[in-house]
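Heads up: the structure comes next, in structure tokens.
The values are calculated or read from the model by the stated rules, or taken from the named source; none is laboratory data. None of the values given here were measured: they were computed from a predicted structure. Cβ atoms come from the backbone with ideal geometry, glycine included; neighbour counts cover every protein chain shown.
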Amino acid sequence: MRFTRPHLRLNGIIGCILVGILLLTIAVGYVWMPYNPIAIDLDHTLSHPSAAHWLGSDEFGRDVLSRAMLGARISTTIALEATFGAIILGASLGIVTGFLRGWTDRCLMMINDSILALPGILLALGLIAVLGSGQASIVLALTIAYLPSVVRVVRGAVMSIREREYIEASRVAGDGTLYTMFHHVLPNILPPIVVLTTSVFGWVVLSESALSFLGVGVPPPAPSWGNMLSSARPYMENASWLSIVPGLCIALTLLGINFFGDALRDLLDPRRDA
Amino acid sequence: MVQYVAKRLLLTLPTLLLVSLIVFSIIRLVPGDPAQVLLGEDADKASVAQLRQEMGLNRPLIVQYLHWLGHSVRGDLGNSISTGEPVSGMIVQRFQLSAVVALTAVFLATSIAICAGLIAAWKRDTGVDFAVVGAASLVLALPSFWLGLLLMLVFGLKFGWLPVVGYVPFSEDAVQWALFLILPVLTLTIIESGVLTRMMRSSSLDVLKMEYITHARAKGLSEMRVLTRHVFPNAFAPTLTLVGLTLGQLLGGIAVIETVFTLPGLGRLMVDGILARDYPVVQGCLLFTGLAYVVINLIVDLCYPLFDPRVTAN
């Protein structure tokens, strides 16, 4: 039995559907949530999924569905902020180092590579130790943690096109360095940057949930999928839905964004064998 | 070969120095006075000033850095604020457990990835390939701590086959020790095999297109021999780099698994240090893990020529 690479097209469809569901959930959360996600109701603690609480309630009687919906908003906001921070800063640095070469490149890349020598999540942990926990410091820590990888990838892409004729032509035409960088280099390396954005978004979602799970991320009572999982641990035996729901949210988001990224890559760079 | 090794070793030194500089700077960014932090909020000014003097905080930053680096090189990472124990001793003790878990998991994940990746590439575009790629993609999307919790729920609580939380030192009861480590190792093995399998599959696909593979087949070699003797060594080299990176990332990220299974490992030491604002411990863990990461990548690079002799040629 031979498949004609069906998973590639299937990937894209599943990815789009999952990302769509995530965005829809966040949008609906702005207008309507079944309950107030941080309202404590001690009469209905740890209630099973039912008509009143579709996904059950937690140890303080808070509605799990409402918390997961607010968690989607919080986790996605953090991930988007950190991703765009890392991509914009990283792409600018990558273009500058890759295009200028010479000493600027050597010095920046030496610093960059030694930051890369620390695993991303470890660097984020170290930075949070310094910045203290809280939404703003997670965004900053994750931006810095994933910045070096972005610089590396973008620099590589820039170096592969900087010797092309159209860049040469721009120089000969007397365009300024900045003008060439933003009008000729940037548009031509956009496809890899777009694909990279989806990967970074996935890493950041995972790292944020891990940090929150460890207790150094989003501070309670605000829900994030990670801290929901962490507070669900003691009730695992009697209230398994508490650990299943937030984990499933993270997994489906990651699956969606990974598939979406794969599909984008196939679309933007058909030469590459997936 | 000697030249390659020497060059690679030399390149490691500046990286290590920069890593130490980054770790030093991160901790120096802590808002407030380290002496005040050590003594607590309500310490009087005189004792803070005295401690500043003792800690050398009045000296220029570069002198402080060199002083700290000198001590770190000799294995003195200072004492923990909360327990007063030497940080280096705590790290060495905690690291043994983390290393056992991480190394076993990465070894198992690599073995799975080699088999699954090779077979998927060999059976490209068939049901087998589809299943392997699908499973690897699914695994890639699983957060390790969630998978850990689910495995615990199934094997620990529902079936009651394995102990759920806690830890028994190897010296007390080797069998119990191993039983406690099965679930954490299994979790990490599943998680890490995803990315490694994808890498192995794509590099095997590249190698299978090569002319020497056609040649090997034309010589009449069995498919088994073609795969094991000709495809595997060449396809494994890029995967090996990823194995090193994975192992290093794991040392940084193992804290989550240690939290799920309440194992007293290195990752948990660092997170507890952060929560307790025990900066010598955090600094020591950061430096040690950074060092381990650099050393792992060094070892991987030194092993590289074993699989791909072309590396030493340039």
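Below are the figures for this structure:
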quantity: Residue list for segment B:203-247, restricted to those being within 30 Å of B:Ala292 (Cα to Cα), away from every other protein chain (no Cβ under 14 Å) and among the β-branched types (Val, Ile, Thr); calculated: B:Thr239, B:Val243
quantity: Selection status of B:Ala102, surrounded by 20 or more Cβ atoms within 10 Å (Cβ to Cβ), within 14 Å of another protein chain (Cβ to nearest Cβ) and at pLDDT below 90; calculated: no
quantity: Only one of A:Ser199, A:Ser212, A:Ser207, A:Ser224 that is at pLDDT 85 or above, within 30 Å of A:Ser160 (Cβ to Cβ) and surrounded by 24 or more Cβ atoms within 10 Å (Cβ to Cβ); calculated: A:Ser207
quantity: Flag for B:Leu29 being among the hydrophobic types (A, V, I, L, M, F, W, C), loosely packed, with under 15 Cβ neighbours inside 10 Å and out of contact with any helix residue (DSSP H, G or I) (no Cβ under 7 Å at 6 or more places or on another chain); calculated: no
quantity: Of the criteria (1) within 13 Å of another protein chain (Cβ to nearest Cβ); (2) under 26 Å from A:Ser231 (Cα atoms); (3) part of a helix (DSSP H, G or I); (4) within 23 Å of the chain's Cα centre (by Cα), which one B:Val165 fails; calculated: (3)
quantity: Which listed residue is under 32 Å from the mean Cα position of the chain (by Cα), modelled with pLDDT under 80 and closer than 20 Å to B:Met270 by Cα, from B:Val87, B:Val23, B:Val30; calculated: B:Val30
quantity: Boolean, A:Leu118 is hydrophobic (A, V, I, L, M, F, W, C), outside any helix (DSSP H, G or I) and under 30 Å from A:Pro220 (Cα atoms); calculated: yes
quantity: Among (1) closer than 30 Å to A:Gly20 by Cβ; (2) touching a strand residue (DSSP E or B) at 6+ places or on another chain (Cβ under 8 Å), the one test that A:Asp41 misses; calculated: (1)
quantity: Count of residues meeting criterion [touching a residue at least 40 places away in the same chain (Cβ under 8 Å), in contact with a Leu (Cβ under 8 Å, 6 or more places away or on another chain), of a type outside the set (Lys, Arg) and closer than 19 Å to B:Arg277 by Cα] in segment B:51-105; calculated: 6
quantity: Selection count where residues are facing chain A (nearest Cβ under 10 Å), closer than 25 Å to B:Trp177 by Cβ and not in a helix (DSSP H, G or I), scope segment B:248-291; calculated: 1
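Here is a yes/no grid of residues against (1) part of a loop (DSSP other than H, G, I, E, B); (2) surrounded by fewer than 20 Cβ atoms within 10 Å (Cβ to Cβ); (3) among the β-branched types (Val, Ile, Thr); (4) within 14 Å of chain B (Cβ to nearest Cβ):
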residue	(1), (2), (3), (4)
A:Leu89	no, yes, no, no
A:Ser92	no, yes, no, no
A:Thr97	no, no, yes, no
A:Cys107	no, yes, no, yes
A:Asp113	no, yes, no, yes
A:Ile128	no, no, yes, yes
A:Leu142	no, no, no, yes
A:Val158	no, no, yes, no
